[in-house]
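First comes the structure, then the notes that go with it.
The values are calculated or read from the model by the stated rules, or taken from the named source; none is laboratory data. The structure presented is a predicted model; accordingly, all values stated were derived computationally and were not measured. Every residue, glycine as well, gets a Cβ built from its backbone with ideal geometry; the counts of neighbours run over all protein chains shown.
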Amino acid sequence: MLLRHKLLTLTAVLALSAGVAMTAQAATDAVVATVNGTKIHKKDVDNAVKELGPRLKGVDQKQVFPMVVDQIINEKLLDDAATAAKIDTSKDFQQRLEVMKAQLVKQMYFERLLKTKVSDKQVRAAYDEFKNENKDKVEIHARHILVSSEEEAKQAIKDLDAGKKFEDIAKQRSAGPNAQVGGDLGWFVKDEMIAAFSDVAFKLKPGTYSKEPVKTELGWHVIKVEDKRERQVPKFEEVEMAIRNKLSQQALVKVVQELRAKADVKLYGPNGEEVPNGAAPAKDDKKSDAKKDDAKKDSDKKDAPKNAAQELEEKEKEKSAE
């Protein structure tokens, strides 16, 4: 708004100095450039400036107007070149256009559907449930060193006893995806991590580390607790979008299930053979049942922004299941 004010002020000064009486409407419609005979008006530039908004932060205001005009000229030249090349009449363009149309139709259908499936009342109720489940909970800020054997974990503990920094050992030896940040897991409450891990971690005092290796299905851990505090439940505004997105995904899954129940769906195997009774083709994966159990556990978790510990747990579960 300040930039627009200055531009309008500059226009007024130039008009007065030239002795030209110009109405506000005429000033808005002033031609600032032409491209092969096509006029570019000042209002086009003003609209572009508004759209760019924060991206113009730090740019010298004296340079903004000519810079935006120059960009509009370039865009117009590219538009003309694309039109001359008859891109819009090509087969490839038509195919892509049909794909985009189909995606837009589905998107708009889902947006309309959500207006009836996910209400503000439901979002608020989900937040209240989340708030009640997380109040009065203690959370810790912890790090860990994850290795593949008990011997490696014991050696890490010896190095810590000898005075080496936990972060340095984690960077050098930890197999976890957060090794490069010193094994930092961020803040988490007890039920957000694997039970065997949490049972040890929440007994440690801030500034101390586990004196014995901790075994989980991911490997062997050495755990350090940096700090401990009572969890502060995020305000509604901070998690509203995350909750709304989760409810939207749940609504979509339900809608798809209802559509499949009404539809005549036939499944075929990779070689074209029909699958009896419409059952999904069997997968040659001995770990499929375990993966289903993990998926169910994950889906049962209440909605909240994932912290570093949750993200780590999910990533390492996927890695261990490969």
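Side notes on the structure shown:
- Unique match (being aliphatic (A, V, I, L, M), in a helix (DSSP H, G or I) and closer than 21 Å to E139 by Cβ) among V255, V225, V239, V233: V239
- Matching residues in segment 171-192 - criterion: being under 21 Å from the mean Cα position of the chain (by Cα), surrounded by fewer than 18 Cβ atoms within 10 Å (Cβ to Cβ) and among the hydrophobic types (A, V, I, L, M, F, W, C): V181
- Every residue from segment 164-190 that is out of contact with any Ser or Thr (no Cβ under 8 Å at 6 or more places or on another chain) and part of a loop (DSSP other than H, G, I, E, B): K164, K165, S174, G176, P177, N178, G182
- Set L218, L252: member being of a type in the set (A, V, I, L, M), at pLDDT 55 or above and within 22 Å of A175 (Cα to Cα): L218
- G219 touching a Ser or Thr at 6+ places or on another chain (Cβ under 7 Å) and not basic (K, R): yes
- Answer from A156, A126 - the residue that is closer than 19 Å to V225 by Cβ and part of a helix (DSSP H, G or I): A156
- Filtered residue count, segment 50-78, keeping only those that are charged (D, E, K, R) and either touching a Cys at 6+ places or on another chain (Cβ under 6 Å) or under 18 Å from V31 (Cβ atoms) (or both): 3
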